[in-house]
1. Identify, please: which residue in segment 248-259 is in contact with a Gly (Cβ under 8 Å, 6 or more places away or on another chain) and open to solvent by 20 Å² or more (accessible area, probe 1.4 Å) and is, among those, farthest from residue 334 (Cα to Cα)?
2. Can residue 24 be described as surrounded by 10 or more Cβ atoms within 10 Å (Cβ to Cβ), at pLDDT 80 or above and in a helix (DSSP H, G or I)?
3. Restrict the check to segment 312-324 and report whether at least one residue is crowded, with 24+ Cβ neighbours inside 10 Å and of a type in the set (A, V, I, L, M, F, W, C).
4. Go through 245, 223, 232, 214 for me and flag whichever is surrounded by 20 or more Cβ atoms within 10 Å (Cβ to Cβ), among the β-branched types (Val, Ile, Thr) and either out of contact with any Gly (no Cβ under 7 Å at 6 or more places or on another chain) or assigned to a strand (DSSP E or B) (or both).
5. Of all residues being among the hydroxyl-bearing types (Ser, Thr, Tyr) and in contact with a Leu (Cβ under 8 Å, 6 or more places away or on another chain) in segment 260-308, which is surrounded by the most Cβ atoms within 10 Å (Cβ to Cβ)? Just the residue, please.
6. Is segment 83-105 home to any residue that is small (Gly, Ala, Ser) and surrounded by fewer than 18 Cβ atoms within 10 Å (Cβ to Cβ)?
7. Where residues in segment 140-157 are in contact (Cβ under 8 Å) with a residue 60 or more places away in the chain and in contact with a Cys (Cβ under 9 Å, 6 or more places away or on another chain), which of them is nearest to residue 93 (Cα to Cα)?
8. Applying the selection to segment 158-176, what residues are under 24 Å from the mean Cα position of the chain (by Cα) and free of Cβ contacts under 8 Å to residues at least 40 places away in the same chain?
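The values are calculated or read from the model by the stated rules, or taken from the named source; none is laboratory data. Predicted, not measured: the structure shown is a model, and the values here were computed from it. Neighbour counts are summed over all protein chains in view; Cβ atoms, including those assigned to glycine, are modelled from backbone coordinates with ideal geometry. The area values use the complete protein model at the heavy-atom level, side chains included, leaving out ligands, DNA and RNA. Shrake-Rupley method; radii C 1.70, N 1.55, O 1.52, S 1.80 Å.
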Amino acid sequence: SDEVPKRKRKENEVEQEIEETPQEKKLRLAKLYLEQLREEEDKKVEDEAFESDLIAGRLKEDVLEQKGKLQRPLAGGLVAPDPIEIRLLRGHKLSVTCLCITPDEKHIFSASKDCSIIKWDVGSGKKVHKILGGRKGTEARHVGHTAHILCMAISSDGKYLATGDMNKLIMIWEAATCKHLYKFTGHKDAVSGLAFRRGTHDLYSASHDRSVKVWNVDENAYVETLFGHQDVITALDCLGRERCVTAGGRDRTLRVWKIAEETQLVFHGHEGSIDCVQLINEEHMVSGGDDGCLCVWSVGKKKPVSVVKQAHGVHGNAGLKEPCWVSSVAALHNSDTVASGSHNAMVQLWKCGQGFRGLDPLFTIPVTGFVNSLKFSTSGKFLVAGVGQEHRLGRWWRVKDAKNGLYIIPLKRQNREAETEQ
């Protein structure tokens, strides 16, 4: 019974074909062809529109980044890593004081109070190179540091590595080979902060002598010195603009230095020594100090736009409790994600609110010891913590259970959200 309608349908189709004259067939095919062309053209226009939207989006992002207003909402999608996935790299005999990640995220450099520098392979976790520290008094013949290294920086093209020590010295190395290139002298006390201006080989250094110096590494040359802090400078950071930010320890100020204009902006808000600072984007920064506060600042405001008191809790005996010092901060550039470290056995991740107002805790990562340095990889795929038994800047007390080394903390995301303008 099914076969009858099928046969009839076929007969009808044959009849239609017979009824169609060659002229009509040409017309029908021409219409089909035109329809196809129209569809292709529409698709092309759609693709072009999508492409131009992409370019426009990228340009908008670049403009926002230059203005210092780009805040990618990444924090909401972050998930706490499984403690098993956190890797510990050990190689330094004493506390790790500073670290930096190469722009291609394949290597990490770390330095320590044992005066040594280690280059690590991120993939395997193995040492690629170790520049040994020398004994005090062997400066003349030893290639390397003979005093505690306090700070380090790598240029944005990954060419130069700079390290600074308690002995007033800045050393410049070829990052690829760890070959020693130059030695910069000029600071009158410990070098505590270093940063390369992005896209250049201009190096900014900060010291306990209260000054900021500018160097041109390509030319192996000193450029200028800037003064303003009333106490030792403990940290320094910069991004792409010709300016840098410094933390002035017990003078309780942060300063943004406009290098070309030779002017400075002064910011107040901490109640104790400011020990660390990092730029989030060109217009916002995050700082921490021994008052236990974590502060987020906007360049346009003299006071912090958000403050978290006792960001890492308190320690000590009942009645004598003090806030845990915030010893390191890190920011995932142009995003809403910030991390802070102390000595309360955990690294804390934070989400900045809209327009950087408000800081909400995301999750904690177990890390025992003084977290002396924190750095996000450029892509935000991992966070590295430099940990020691002692604080980077002194020997006030020791965390005996701590292991001196680097913790590589993977950062997983649930989903990626669209960028927003602040």
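1. 250
2. Numbers: surrounded by 10 or more Cβ atoms within 10 Å (Cβ to Cβ): yes; at pLDDT 80 or above: yes; in a helix (DSSP H, G or I): yes.
The answer is yes for residue 24.
3. Let us first name the residues in segment 312-324 that are crowded, with 24+ Cβ neighbours inside 10 Å, namely 312.
If we keep only those that are of a type in the set (A, V, I, L, M, F, W, C) too, we end up with none.
Looking for residues that are crowded, with 24+ Cβ neighbours inside 10 Å and of a type in the set (A, V, I, L, M, F, W, C), one finds none in segment 312-324, hence no.
4. Details: 223 fails: surrounded by 20 or more Cβ atoms within 10 Å (Cβ to Cβ); 232 fails: either out of contact with any Gly (no Cβ under 7 Å at 6 or more places or on another chain) or assigned to a strand (DSSP E or B) (or both); 214 fails: surrounded by 20 or more Cβ atoms within 10 Å (Cβ to Cβ).
It is 245.
5. Out of the qualifying residues, it is 287.
6. Step one: filter segment 83-105 for residues small (Gly, Ala, Ser), giving 91, 95.
Filter again for surrounded by fewer than 18 Cβ atoms within 10 Å (Cβ to Cβ), leaving 91.
Checked against the condition, which is being small (Gly, Ala, Ser) and surrounded by fewer than 18 Cβ atoms within 10 Å (Cβ to Cβ), segment 83-105 yields at least one hit.
7. Keep residues of segment 140-157 that are in contact (Cβ under 8 Å) with a residue 60 or more places away in the chain, which gives 150-151, 155.
With the extra rule that they be in contact with a Cys (Cβ under 9 Å, 6 or more places away or on another chain), the set shrinks to 150-151.
Numbers: 150: 15, 151: 17 Å.
Only one residue tops the list, namely 150.
8. As a first pass, look at segment 158-176 and keep what is under 24 Å from the mean Cα position of the chain (by Cα): 158-165, 170-176.
Correct list: 171, 174, 176.
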